[in-house]
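A quick write-up on the structure given underneath.
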Amino acid sequence: MSYASTPDPHQGRRSPKRKRSESLDPPSAYHSAASTPYPPGLDGASEHFAFAYEDDNEGDVQTPEIPEELRSSAEGTPEAGAKRRKVAERPRSLDYALQYTLKGHKRGVAGVKFSPDGKWLASCSADCTLKIWSAATGALQHTLEGHLAGISALSWSPDSRVLASGSDDKLIRLWDTTTGKALPVPLAGHHNYIYSLAFSPKGNILVSGSYDEAVFLWDVRTARVMRSLPAHSDPVSGVDFVRDGTLAASCSSDGLIRIWDTGTGQCLKTLVHEDNAPVTSVKFSPNGRYVLAATLDSSVRLWNYVEGRCVKTYQGHKNEKFSIGICFGTYGTTAPEESTADAEVQQQWALAACGSEDGSTVLWDVNSKEILQRLHGHEGTVLSVDVCAQDGAIATCGLDKTIKIYRRRATAVNGQAEGGAELKKEQDVKNSESTEEQTAIGGGGVNGTSQHVHDQQTTKEDITMEEG
Amino acid sequence: MNLPLSDPVLLAQDIPEILTARLRSSGQAVCIRFSHRGDLLAAGTAKGTIAIFDLETNGVARKLKGHTTGRTVQSLSWEKSGRYLLSSSIDWKVILWDLKDGSRVRTVNMGAPVYIADLHPQNHFRCVAALYEYRPAVADFTDKKVQQFALPNLPKRAPHEQEANEKADAKHFTTVAAFTSSGSHVITGTTKGWLNVINTETRETVYSTRLCSKPILLIRLSGSGRDLLVNASDTIIRTIKLPDFSDPNLQADSINLEVEHKFQDVVNRLSWNHVAFSANADYVMASTLMNHDIYIWERGLGSLVKILEGPKEELGAVEWHPTRPYVAATGVESGRIYIWSIHTPQRWSALAPDFLEVEENVEYIEKEDEFDIHPLDELQKRRLDQEDEEVDVLTVDAMQLEREGAANLAGDDGVFRMPVLMGVDESDSEDEMVAIGAGQFRRKSTAREESELLEGDDVNDTDSMSEQANGNTGSKRRRGD
C-alpha cells in the first residue's frame, strides 16, 4: 500500500513537455498551438502534439481550462503513431468489481488462466486437481484429476482445446478440455517438480521450466522432448513464448532472465538486474518487444530485451516470498461490453497486473507506472492473475483456496446502477446453474459439498478503490 | 521476432552449409515440397502415403492416405495459405487435400498415370497435369463434377511444317507442366525438348521453342514467377527469363524465351536428378545422378559456389526453403529426408550480459563517476526517474505482421493454422524400431535418436519387420489402409 517508493506518477509524462518548452515558453504554448501554426524548425514530435491539440479543440471548446495533468495524459498516449485519430483521455483509475468467488479447490490455487477464446477459466491447485470454470457464469465445468502431486503450472493451447498442466509429480499432462480426460501419454522427462509451462502460439511446442534447472522444449504431437536447454542454476520459475513462437523466455531464482531462440535452442540474450533478486515470473508483451518480469524485491520490471535494459519498474505491492504470476492486459475508457462493434475505434492502453502478498492485486498502467486499481478480496497471498483478452475480465487466485473474477462496471457516464444491475443478473443465472452443477458433481463423488458457493455479500463491500 | 537478436553475420548468409537434421522418416519419401510460408514440408512416399512435417518440431503433423497403396506419389503442390495440398500419383489420381481435417476435398481420375500436377496459383480448384503418353490437361474441380480440358502436346508451327512432322508427332508427349505466376498461361516441356507456352483460357499454344533434342525432365518457376529453371536429360540445366504473363497487353508474338544460363559439369558429365531455385532465385541447386552431393550455382555469374555433402547415398528430390537458407533433399535408397542449414554457434556473451566478445584486447577507460559512492536510496530513485520513456507494448509493427503472414489477409480466418494432432507419429515410422534379434524388436531410446540425427546410421530393411512388430503390439498402423 505504501506509495513512498513510487515516484511521482506523472513523472513519466513530462518528457514530451520538456521538449516542447525548449522552443516555446510553456504558458503561451497552449494558446498558440490551436490558432497559429508552429514556427518552422520544430521537430516532428512537436508537430505531432500540435495535431493532438487541434483534435482536442474540435471536441471540446474550453481547452484552456483543462487541467494540466489531464492534458499531459491525453497527449502522452502509448500510441505515438495515433496522429489524426481523436485522442481519448486515458482513465486514471479503473472500476473493476468482484463478480464471482469460485470455491472448490481444497488447497491453495497456484494458477489461473483464461482460455484463448475467452470462454473458460482454468485453475490449478496444490490439491492435485485442475478445474475448468465457465468464464461468463462461474459454473464449474470439469475437475481434472490424475496428477499425484500439487500442480504449479498450466497453459492453454491456442485453440482452447487442450490444457497442459505441470505438477510436482514431475509430469506434464495434457487434458482434452471438452471431455475433461487426460490424453494418454504424459510428458515425462524432467527430473524434478515442474514449475512453469507455456504453449507456443501454434500449439505444436510446449516449453516447460522445472526445479531441475532445465528448460525443455516438447514436441506436443509426440509428447517427446525436442530440446533440453541447460538454462539456469536455480529452479526455472517462469517461461513464455513470444507471439510468433521464434523466441522463448525463461527466468529463475538465480536472478536471470534468458531469451532463447526456439529454432536453434541457443541463448540469445540474458537480462539481469543489479540487485540480482530472484525472478519468479516472466511474460512477453503482446507485441513481443518487451518482457515483463516479477522479482522477489517487490518489483515488477519491464525490459527491452533487445537492448538488455530495464525500462520500467512497477512497485506498490508486496512480493518477497512467493512465486506470483503476472500478466499484461488492455483497458479502454469504457468496459468492453459497452463498446460497439467497431471496437478498434476505442483506444486501448496496456496494463500490467501482479498479485501481492497482502491479498490485493495491483493493476498498473504500463507507461506511466501509475497504479490504476487495487483489487481486494483475497485473504493471504494472491498467487496468480490473468486478464481475459476478449472482455477484459480479471481472474485471481490465491492461498485462500478461492478464485475471484472481476469485471469492469458499466461506464461512469451511464451510472453505476445499470452496471450493477447487469452484474446482478449474471449472478442470478450463475446461482441457478450452480444448483444443477452441485448435484451433478455430487453424483461423481468429488468435492461434492463445497462447490463454488458464491458469496454475494462480498460483491459490494470488498471492493475498495484506490486512486493512483 | 528473433531477428534483432540474431547474429548479423549469420543472417547475411544465404546458402546452407552443413547437414543439420534428418526428418524422422515416415516411409520412403520420393517427392517433397515446402509450403509457401515455409512452416510445413509435404513428403510423398513410394507407397502412396503423404506426410506433412512441421519444420518447427521436425515431426509429422499429419498423414494423408488416399492414393492407391504401393503407387508412387509423383508430385505435390501447395495452395498459398497452406491449407490445401494437391498430390498426384501414377495411380491416375490427383487428390486435393484439406489439411484442416485431413479430408479429401476432391479426387480426380485423370485417365492416365500423372507425371506432375500443378495447382493454379489463385484458384485451388484448378490444376494442370502432365500425363503419361497422353495430352496434358487442365482440370477444373470447382464442382463435384470435374471438368477436364486437354491441352496440346505439339509445339506451335507454321502450317507448312505440320505435315512433315506428322509421323514424329505421334510420339511427342508432354512430360512436365506448370502454371505461370498469374495462372494465365501453362508452360509445358516435352519429350523432344520443346518448351510450349499455352494460354489457359483458349488452350492454344502461343509460343514454342526447342531447347534440346532430349526429353525435358523438370521445369520450375521462381517465387517471383519471372525465372524458369529447366532440367533436361542432356545433362544441362537452363535458366530462362520469363516475360510478365499477367500483363494483359502481352502479345503472343512478342514472347521470346531465351536461355540465360546453362549449368553443367563438363568434366564428369554429371546428370541431374532434380533441380530447384533458391528463395529469391539467386541460386540454382541440383542433386546429382549416381553421386551424393548437391551442387549450388550462383545464377548471376553462373559459377558453382557450394557443394553440399552429407549422407552416403544418392539424393533425389531437392527443395529450397521459401525464405531461409534451408535445403531439404530425399535419399534415393533410404527415402529419408535430409536437411541442410546454417550452423549457429552459441554466443557466449549472450549468456552473461556483463561480458563482451571483443576481437582484440581493449584498454578499459574508467568512467569519471564509476566508483563514486551514492546512498542506495538515491541510486534507486535516480534509476526510477530515468524510466520516463514511452513504451508501446501493444502495437505490432507491420513488418512483423507480414512475416507472420497476417498482413494482407483480413481477419484470423485468412491464416491457416495446422491443427495439432496428438500421437500422429507414434510408432509409425519404420526406422524407429530396431531389430535386436530374431523376431525381436525394441524401440529406439530418445537418447539414441538425437545422436542419430547427425550420424544418420542406417537401419535398413526393418521396414516390413517393424510393421509386424507394430501389429503384434496392437498399435496403429495397418498395411493397405
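The values are calculated or read from the model by the stated rules, or taken from the named source; none is laboratory data. In this text, all values refer to a predicted model and were calculated from it rather than measured experimentally. Positions of Cβ are backbone-derived with ideal geometry, glycine not excepted, and every protein chain shown enters the neighbour counts. Heavy atoms of the whole protein, side chains included, go into the accessibility calculation; ligands, DNA and RNA do not. Shrake-Rupley method; radii C 1.70, N 1.55, O 1.52, S 1.80 Å.
Quick notes on this structure:
- Single residue of B:Ala276, B:Ala286, B:Ala281, B:Ala232 found to be within 18 Å of the chain's Cα centre (by Cα), more than 20 Å from B:Thr330 (Cβ to Cβ) and crowded, with 17+ Cβ neighbours inside 10 Å: B:Ala281
- Qualifying residue in the stretch A:334-347 (condition: surrounded by 18 or more Cβ atoms within 10 Å (Cβ to Cβ), at pLDDT 90 or above and either within 13 Å of chain B (Cβ to nearest Cβ) or closer than 30 Å to B:Ser6 by Cα (or both)): no
- Top-ranked residue of the stretch B:274-308 - restricted to ones that are touching a residue at least 40 places away in the same chain (Cβ under 8 Å) and either among the acidic types (Asp, Glu) or assigned to a loop (DSSP other than H, G, I, E, B) (or both), ranked as farthest from B:Gln13 (Cα to Cα): B:Gly302
- Test: residue in the stretch A:105-116 that is within 14 Å of chain B (Cβ to nearest Cβ), assigned to a loop (DSSP other than H, G, I, E, B) and closer than 20 Å to A:Gln390 by Cα: yes
- If the condition is being farther than 24 Å from A:Leu140 by Cβ, within 13 Å of chain B (Cβ to nearest Cβ) and surrounded by 24 or more Cβ atoms within 10 Å (Cβ to Cβ), then the stretch A:150-202 contributes A:Leu187, A:Ser200.
- Under the condition of being surrounded by 15 or more Cβ atoms within 10 Å (Cβ to Cβ) and in a loop (DSSP other than H, G, I, E, B), the residues counted in the stretch B:259-273 number 4.
- Number of residues in the stretch B:185-221 that are of a type outside the set (Gly, Ala, Ser) and assigned to a loop (DSSP other than H, G, I, E, B) equals 11.
- If only residues of the stretch A:292-309 that are in contact with a strand residue (DSSP E or B) (Cβ under 8 Å, 6 or more places away or on another chain) and open to solvent by 30 Å² or more (accessible area, probe 1.4 Å) are counted, the one that is farthest from the other protein chains (Cβ to nearest Cβ) is A:Leu296.
- Residues of the stretch A:207-227 satisfying the condition of being at the interface with chain B (Cβ under 9 Å from one of its Cβ atoms) and part of a loop (DSSP other than H, G, I, E, B): A:Val220, A:Arg221, A:Thr222, A:Ala223
- Among the residues of the stretch B:309-325, those identified as within 14 Å of another protein chain (Cβ to nearest Cβ) and either small (Gly, Ala, Ser) or open to solvent by 20 Å² or more (accessible area, probe 1.4 Å) (or both) are B:Thr323, B:Arg324, B:Pro325.
- Some residue of the stretch B:326-334 being open to solvent by less than 80 Å² (accessible area, probe 1.4 Å) and within 14 Å of chain A (Cβ to nearest Cβ): yes
- Residues satisfying the stated conditions in the stretch B:36-54, i.e. touching a Ser or Thr at 6+ places or on another chain (Cβ under 9 Å) and more than 24 Å from B:Asp91 (Cα to Cα): B:His36, B:Arg37, B:Gly38
- Filter result for B:Asn256 (part of a loop (DSSP other than H, G, I, E, B), under 23 Å from B:Cys212 (Cβ atoms) and not acidic (Asp, Glu)): yes
- Once the stretch A:204-229 is narrowed to residues that are touching an Asp or Glu at 6+ places or on another chain (Cβ under 9 Å) and more than 20 Å from B:Glu56 (Cα to Cα), the residue that is most open to solvent (accessible area, probe 1.4 Å) is A:Tyr211.
- Of all the criteria given as (1) within 30 Å of A:Cys310 (Cβ to Cβ); (2) surrounded by fewer than 18 Cβ atoms within 10 Å (Cβ to Cβ); (3) touching a Lys or Arg at 6+ places or on another chain (Cβ under 9 Å), the one not satisfied by B:Pro345 is (3).
- Checklist (1) within 17 Å of B:Ala177 (Cβ to Cβ); (2) surrounded by 23 or more Cβ atoms within 10 Å (Cβ to Cβ) applied to B:Glu79, failing item: (1)
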